[in-house]
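Everything below concerns the one structure shown next.
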Amino acid sequence: MDDTEDTYVELTHLLANYWDTPFSELPEALQARVGTRANKIFVGYQPKRDANGHLECDTEGRYPVYEQVYIDNEVGDFVFSWDSLSPADRRRIATQIDYQRDPKNAEAQHRDLIIGYYSINEAWGMWAGKPTLISDEAIPLMNGCDPESWRNRNTRAFHQQLPDDWIATIERGLKIAAGENVKPQSPAKWLEWGIKHGLDQPTMKSDGRLSEPDISMWPLFADAVERCAENQAAPAAKAEAKPTQATITNKLRRDILDPAIDKAINKAGNMMLADVYLNLKELALDSEPPFTGVINGNALCYTSSDDKPATLTKDALGKRLNRR
């Protein structure tokens, strides 16, 4: 990250034209990013010895002279030497570094860690597709907790017991809903209710030392409800619209990306957006058809079936995965 800027500049973007370039021919700024260099770390003191190995003492010959001791520590963005890596490995490492270090991914990464650590069932789409939900279902979901995990919270293994703050937030919502005598209603209506009562605000802490929560679990279920609404609206829109060239092209665009997305899912070993996107980004950087090897922000550039430039964003990929 540039010390003078608040925005992270993706390493994959900076290196886009240099994957095949030897380290010695990289611009100095990129050499500083990808090169390993020795950084001395102070570790303590030791008696000083002369060239013959004899201890050196003070002028009176009474006390040994001590010197500071440093060790060399290799630092740099890349763990391995740039020239020892293939262009594909360089892309892969840069992609991983970007995902780990780009601040815009931090909250999503923390959500993934929380969900994974507490073994939360990520069936957001299934719950979002139900016609109505009761409060004991909707309120845990809006807080990033599946209803089954919430019901079984007291019988979970010790290391997977839900945090007190998480439980308190859900219980607060349930108490409000009971006081208002909220009846079963659609997921979309529950989201409106949740926003009214602040359930879309951060409720979890990425660091226990923080005084205020900084992680919102809200997007997990809210995004699923939005995707579900879009999917339900799509058939009606198609029935009303005639099959114009534009709709035919859109269908072809979806089809042309399927093989690469299938490959990314197989490499990821799951359907989680973060994992699939990371693997698909690596494929895109390797110019896996129909991708061009160019990435603009989080949009993967590819060539459509009619030979026109197109892009696939991370959000768009999420919607595709939700439809599978």
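The values are calculated or read from the model by the stated rules, or taken from the named source; none is laboratory data. Quantities reported herein were computed from a predicted structural model and do not represent experimental measurements. Because the Cβ atoms are built from the backbone with ideal geometry, glycine has one as well, and the counts that use them run over all protein chains shown.
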Just name the residue that is surrounded by the most Cβ atoms within 10 Å (Cβ to Cβ) out of those in region 18-37 that are at pLDDT below 85 and assigned to a loop (DSSP other than H, G, I, E, B). 35
Can you report the number of residues in region 133-172 which are touching a residue at least 24 places away in the same chain (Cβ under 8 Å), over 14 Å from residue 118 (Cα atoms) and hydrophobic (A, V, I, L, M, F, W, C)? 7
Go over the candidates 102, 98 one by one and state the one that is in contact with a Ser or Thr (Cβ under 6 Å, 6 or more places away or on another chain), within 30 Å of residue 282 (Cα to Cα), at pLDDT 80 or above and of a type in the set (D, E, K, R). 98
Please list, ordered by residue number, the helices (runs of 4 or more DSSP H) wholly in region 106-208 having 1 or more residues that are under 22 Å from residue 322 (Cα atoms). 106-117, 124-128, 135-142, 147-151, 187-196
Select from region 166-187 the residues that are closer than 21 Å to residue 130 by Cβ and surrounded by 14 or more Cβ atoms within 10 Å (Cβ to Cβ) and list them in ascending order. 170, 173, 174, 177, 182, 184, 185, 186, 187
Among the residues of region 276-299, is any hydroxyl-bearing (Ser, Thr, Tyr), within 24 Å of residue 125 (Cβ to Cβ) and out of contact with any Asp or Glu (no Cβ under 9 Å at 6 or more places or on another chain)? yes
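Restricting attention to region 93-107, report how many residues are of a type in the set (S, T, N, Q) and exposed (fewer than 14 other Cβ atoms within 10 Å of the Cβ). Write out each step before concluding.
Taking region 93-107 and keeping what is of a type in the set (S, T, N, Q), we get 95-96, 100, 105.
Filter once more, keeping what is exposed (fewer than 14 other Cβ atoms within 10 Å of the Cβ): 100.
The number of residues fulfilling the criteria is 1.
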Output the residue which, of all residues in region 312-324 that are touching a strand residue (DSSP E or B) at 6+ places or on another chain (Cβ under 9 Å) and crowded, with 16+ Cβ neighbours inside 10 Å, is farthest from residue 14 (Cα to Cα). 320
Which residues, counting only those in region 190-214, are surrounded by fewer than 16 Cβ atoms within 10 Å (Cβ to Cβ) and basic (Lys, Arg)? 196, 209
Can you tell me which of (1) modelled with pLDDT under 85; (2) closer than 30 Å to residue 126 by Cβ; (3) not basic (Lys, Arg) is the one residue 262 doesn't meet? (1)
Go through (1) surrounded by 10 or more Cβ atoms within 10 Å (Cβ to Cβ); (2) within 19 Å of residue 93 (Cα to Cα); (3) of a type outside the set (Ser, Thr, Tyr); (4) modelled with pLDDT of 75 or more for residue 56 and report which single condition fails. (2)
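Looking at this structure, is residue 224 modelled with pLDDT of 80 or more, closer than 25 Å to residue 201 by Cα, surrounded by 15 or more Cβ atoms within 10 Å (Cβ to Cβ) and in contact with a Pro (Cβ under 9 Å, 6 or more places away or on another chain)?
On the way: modelled with pLDDT of 80 or more: yes; closer than 25 Å to residue 201 by Cα: yes; surrounded by 15 or more Cβ atoms within 10 Å (Cβ to Cβ): yes; in contact with a Pro (Cβ under 9 Å, 6 or more places away or on another chain): yes.
Considered against the rule, which asks whether it is modelled with pLDDT of 80 or more, closer than 25 Å to residue 201 by Cα, surrounded by 15 or more Cβ atoms within 10 Å (Cβ to Cβ) and in contact with a Pro (Cβ under 9 Å, 6 or more places away or on another chain), residue 224 comes out as yes.
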